[in-house]
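The values are calculated or read from the model by the stated rules, or taken from the named source; none is laboratory data. All values reported here derive from a predicted model rather than from experimental measurement. Glycine also receives a Cβ, built like all others from the backbone with ideal geometry; neighbour counts cover every protein chain displayed.
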C-alpha cells in the first residue's frame, strides 16, 4: 500500500479507538440504566454498533500489520506498475483520465485512485507511454492509449 493509504487507515483506527469506542460504551451504559435489556432497543443497537466497531478495528489492525508500505516518491521507470500515476485517453470518446495505481483498500475511482486488481489497472501493468490497452467491460471492449506515466 502507499504511505498515504497507510496514513488514512491509521487515522481511522485512532478515531475508532479514541472516539467511537468510548462513545458506544457510554451508550451501552446509558441503555443499561433503563432496566429490562430484553426489550431495550437502544441497548441492542449500541451492542450491534460496538460489534461493528470492534470488527473494523480488528480488520484495520490486521491490514496494517501485514502491510508493505511503498514510498511512491522513490519509484521510477517507464513502465506502469504499483504507485504509478497514469494518464490515459479513451480511444472512442477522446476523454482523458488520470489514475494512480494503488492497493485494493485505497481505491477510489472518483478520486483518481485505481485498484491494482481492477481490469484497467491489470491491463496497463508493464505497459509504456504510447501503448494501447484493451479492457473488457459490460458494454464491450474499451481501448485506451497511455499518454503519460508519472511518479509522485
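Observations, loosely collected:
- Residues in segment 106-124 that are over 27 Å from residue 10 (Cα atoms) and touching a residue at least 12 places away in the same chain (Cβ under 8 Å) were compared, and the one that is surrounded by the most Cβ atoms within 10 Å (Cβ to Cβ) is 124.
- Qualifying residue in segment 30-39 (condition: modelled with pLDDT of 90 or more, farther than 30 Å from residue 146 by Cβ and assigned to a helix (DSSP H, G or I)): no
- In summary, residue 101 fulfils each of the numbered conditions (1) assigned to a strand (DSSP E or B); (2) in contact (Cβ under 8 Å) with a residue 40 or more places away in the chain; (3) closer than 13 Å to residue 2 by Cβ with the single exception of condition (2).
- Any hit, segment 44-61, residues being touching a helix residue (DSSP H, G or I) at 6+ places or on another chain (Cβ under 7 Å), surrounded by 13 or more Cβ atoms within 10 Å (Cβ to Cβ) and assigned to a loop (DSSP other than H, G, I, E, B): no
- Residues that are under 24 Å from residue 142 (Cα atoms) and either under 16 Å from the mean Cα position of the chain (by Cα) or surrounded by fewer than 14 Cβ atoms within 10 Å (Cβ to Cβ) (or both), drawn from segment 92-105: 92, 93, 94, 95, 96, 98, 99, 100, 101, 102, 103, 104
- Residue in segment 35-56 that is over 17 Å from the mean Cα position of the chain (by Cα) and touching a residue at least 60 places away in the same chain (Cβ under 8 Å) present: no
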